[in-house]
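Here is the structure we will look at.
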Amino acid sequence: MPQSNRRRIVMRWVKVLVLVYAVLGIAWYYGQEKLLFHPVPVPRSTAYDFGQRMIERNIPYDKTTNLNVVQFQATDRPEDSLARGVVLYFHGNKEGISRYAVAAKDFTSKGYEVWMLDYPGFGKSTGEFSEKKLYEYSLIFYKLARSRWQPGQIILYGKSLGTGVAAQLASVRDCRRLVLETPYYSLESLARRFLFMYPVGMMLHYHFPTYQYLPNVTAPITIFQGDADKTVPYGNAARLKVFLKAGDEFVTVPDGQHNDLRDHAIFKAKLDSVLRL
């Protein structure tokens with residue numbers, strides 16, 4: 001084959017690869033919300049029934065934003081008695097409170113109230129969804145708890161996506177303890193696993209740099225991570241260890257996956273011990 005023909009073929013393939021690269025990059029940039037977040041909206045008229053004592057509250061933030069909160073009551077205490085404290089639970093990136101309500105029993109059975117906040121677009125919450133706004137909403141959530149509880153009675157708990165939100169809040173407000181279940185080093189570090197060929201930091205609309213927040217958390221920190229997690233690889237979460245201070249804990253759950261840590265004895269035992277402190 002003549003040299004000129006080979007050159008034309010090579011250039012043709014280069015153009016194809018560049019086009020594919022550009023198309024995939026554009027698709028990711030404009031479609032990242034749908035890839036990262038999977039909310040399920042719920043009509044506001046829907047009556048929740050999670051099989052537990054609960055109070056539902058709606059917090060108007062602005063003309064378009066309503067923050068829906070479900071407050072699960074401590075199950076081992078009479079309705080008129082004061083719980084040991086409150087767990088502010090920041091959930092993951094799927095569905096909404098309906099998916100994560102089952103986890104409330106881990107705390108209500110130990111004498112704690114559990115308050116779960118749905119992000120805008122999730123469940124009954126409405127409004128603008130952005131990283132900056134999530135931090136603002138979490139602060140409103142915290143202030144609601146502070147109207148009743150002292151910082152030493154408030155546990156901030158993050159699950160998956162919510163770990164970045166909980167960590168940021170704990171870095172600017174006092175609490176009794178920060179607990180992170182399946183956290184990530186940063187959302188950018190996770191995206192780089194699949195988009196290593198792109199300038200991910202510039203393309204992402206969401207970063208959630210957990211590693212930047214942990215050094216500013218003065219409360220004790222407990223991290224739970226399964227070594228079989230395929231959503232947040234163990235190595236990614238383990239990078240957070242260097243930011244833990246004396247007395248903080250990184251609990252490895254053998255064979256633990258992203259959504260089954262509650263089924264493991266080591267998780268149950270350690271969480272119980274944390275709640276007894």
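The values are calculated or read from the model by the stated rules, or taken from the named source; none is laboratory data. Note that the structure is predicted; figures quoted are calculated from it, not measured. Note that we place each Cβ from the backbone using ideal geometry, even for glycine, and neighbour counts take in every protein chain shown.
Residue by residue, here is whether (1) assigned to a loop (DSSP other than H, G, I, E, B); (2) of a type in the set (Gly, Ala, Ser); (3) at pLDDT below 95 holds:
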| position | (1), (2), (3) |
| --- | --- |
| ALA237 | no, yes, no |
| VAL242 | no, no, no |
| PHE250 | no, no, no |
| ASP255 | yes, no, no |
| ALA269 | no, yes, no |
| VAL274 | no, no, yes |
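Among the residues making up region 149-181, a single one is within 17 Å of PHE208 (Cβ to Cβ) and in contact with a Lys or Arg (Cβ under 7 Å, 6 or more places away or on another chain): GLU181.
Of the residues making up region 97-128, those that are buried (at least 22 other Cβ atoms within 10 Å of the Cβ) and among the small types (Gly, Ala, Ser) number 3. Among the residues of region 230-253, those identified as out of contact with any Phe, Trp or Tyr (no Cβ under 7 Å at 6 or more places or on another chain) and closer than 18 Å to SER160 by Cα are LYS230, THR231, PRO233, TYR234, GLY235, ALA238, GLU249, PHE250, THR252. ARG192 meets the conditions (1) loosely packed, with under 15 Cβ neighbours inside 10 Å; (2) within 19 Å of LEU36 (Cβ to Cβ); (3) of a type in the set (Lys, Arg) in every case but one. The failed one is (1). For beta carbons closer than 7 Å, sequence separation of 6+ or different chains, a first residue in region 168-196 that is without any contact (Cβ under 8 Å) to a residue 40 or more places away in the chain and in the same structural domain as PRO215 (by TED's automatic domain parsing) and a second that is buried (at least 20 other Cβ atoms within 10 Å of the Cβ) and assigned to a loop (DSSP other than H, G, I, E, B), the qualifying pairs are SER186/PHE208; GLU188/LEU204; ALA191/LEU204.
For TYR135, the conditions (1) buried (at least 24 other Cβ atoms within 10 Å of the Cβ); (2) in contact with a helix residue (DSSP H, G or I) (Cβ under 6 Å, 6 or more places away or on another chain) are fulfilled apart from (1).
Taking each residue of region 90-103 that is closer than 14 Å to ASN68 by Cα and touching a residue at least 40 places away in the same chain (Cβ under 8 Å) and looking for partners that are among the hydrophobic types (A, V, I, L, M, F, W, C) and crowded, with 21+ Cβ neighbours inside 10 Å with beta-carbon atoms closer than 6 Å, six or more apart or interchain, yields PHE90/VAL165; PHE90/ALA166; GLY96/PHE122; ILE97/VAL70; ILE97/MET116.
Check whether at least one residue in region 15-34 is at pLDDT below 90, under 21 Å from GLY123 (Cα atoms) and surrounded by 13 or more Cβ atoms within 10 Å (Cβ to Cβ), and report yes or no. The answer is yes, given that some residue of region 15-34 is at pLDDT below 90, under 21 Å from GLY123 (Cα atoms) and surrounded by 13 or more Cβ atoms within 10 Å (Cβ to Cβ).
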